[in-house]
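**Q** Next up is a structure, given as structure tokens.
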């Protein structure tokens, strides 16, 4: 069996890239051949190589991609990764494309039950072919990374591609309030600049607060384990998420997490038990300060979060579930 994995901007270390790379590696362990097609805005691919099934990631971007192909592709499945479900589906200019993408698909893969319910409500006709398969996490080998945490500091790490939906400036401005009271706070932002205008905003703020904020840019995914190992807590400030690989990796590596209140984050973090989920600035500051000063609570959250990921997202048969889905489609059992 050969599967084509079609994903946006595979050359950048985004969440989709991490997901697709992991899936390809785990499918290979199941003796499934894969080939990854990277979709970029300036690309003009019109013919795809032979494959048994096409698996697209991000329903909107995949739909725009398949429009430029010379031949209709069938069968295909599509994974709704986050932005397409939470934003594009509700965008007047993009909604029709997202709907057509999922309607034409043989199956629609989502990461959690809440995502399934959202899609069922918006596109009832595809309810019978929505499949929930949670993501696995990646294992990191011990590698060196040229970043040394300052002694007696508390380091928050925020892994995110810099674009407006990730809401990175909020983290800097919010922690600025706490930094006045706790000058040992440090913030490290990791990820590529995806939207230039938002990158300018973030870099200006980093420069303004360079004594405690650092932007280290794009980092190869295999080195993220070294960054998690030096960090004290992980932040996610996104307006919306599908199912953040960075949050799962942070939790798996024993970091307490403080994340924004959206359905993707809530699917991973139970507020006060496996991490903190904040709704507004006041809650963010309360939770961040708790992580700083309450060692017992911080350790409890870190341990509970690690156990949750180990139970639900570590070797959770993601590849085996996808392989079963592929076989069902090929044998028309779905």
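The values are calculated or read from the model by the stated rules, or taken from the named source; none is laboratory data. The structure presented is a predicted model; accordingly, all values stated were derived computationally and were not measured. Methodologically, a virtual Cβ is constructed for each residue, glycine included, from the backbone with ideal geometry; neighbour enumeration extends over all protein chains shown.
**Q** Does residue 83 qualify as being crowded, with 19+ Cβ neighbours inside 10 Å, modelled with pLDDT under 90, under 26 Å from residue 242 (Cα atoms) and not assigned by TED's automatic domain parsing to the domain that holds residue 242?
**A** Here the answer is yes, as residue 83 does meet what is asked.
**Q** Next question. I need the strands (runs of 3 or more DSSP E) fully contained in segment 159-253, keeping only those with at least 3 residues that are over 23 Å from residue 309 (Cα atoms), over 17 Å from the mean Cα position of the chain (by Cα) and at pLDDT 95 or above.
**A** 185-190, 213-217
**Q** Determine whether segment 290-303 contains at least one residue that is closer than 28 Å to residue 28 by Cα and either assigned to a strand (DSSP E or B) or within 22 Å of the chain's Cα centre (by Cα) (or both).
**A** no
**Q** Give the number of residues within segment 52-80 that are free of Cβ contacts under 8 Å to residues at least 60 places away in the same chain, surrounded by fewer than 19 Cβ atoms within 10 Å (Cβ to Cβ) and in a loop (DSSP other than H, G, I, E, B).
**A** Going through segment 52-80 one residue at a time, the tally reaches 7.
**Q** For segment 126-137, check the following and say yes or no: at least one residue is over 20 Å from the mean Cα position of the chain (by Cα), surrounded by 13 or more Cβ atoms within 10 Å (Cβ to Cβ) and over 30 Å from residue 100 (Cα atoms).
**A** No, because not a single residue in segment 126-137 is over 20 Å from the mean Cα position of the chain (by Cα), surrounded by 13 or more Cβ atoms within 10 Å (Cβ to Cβ) and over 30 Å from residue 100 (Cα atoms).
**Q** Suppose we filter 307, 289, 283 for residues that are outside the structural domain of residue 77 (by TED's automatic domain parsing), out of contact with any strand residue (DSSP E or B) (no Cβ under 6 Å at 6 or more places or on another chain) and in contact (Cβ under 8 Å) with a residue 60 or more places away in the chain; which single one remains?
**A** Going through 307, 289, 283 in turn, just one is outside the structural domain of residue 77 (by TED's automatic domain parsing), out of contact with any strand residue (DSSP E or B) (no Cβ under 6 Å at 6 or more places or on another chain) and in contact (Cβ under 8 Å) with a residue 60 or more places away in the chain: 289.
**Q** Another question, if that's okay. Quick check on my filter: what residues within segment 225-264 are free of Cβ contacts under 8 Å to residues at least 60 places away in the same chain and either surrounded by fewer than 20 Cβ atoms within 10 Å (Cβ to Cβ) or farther than 21 Å from residue 292 by Cβ (or both)?
**A** 229, 254, 261, listed by residue number.
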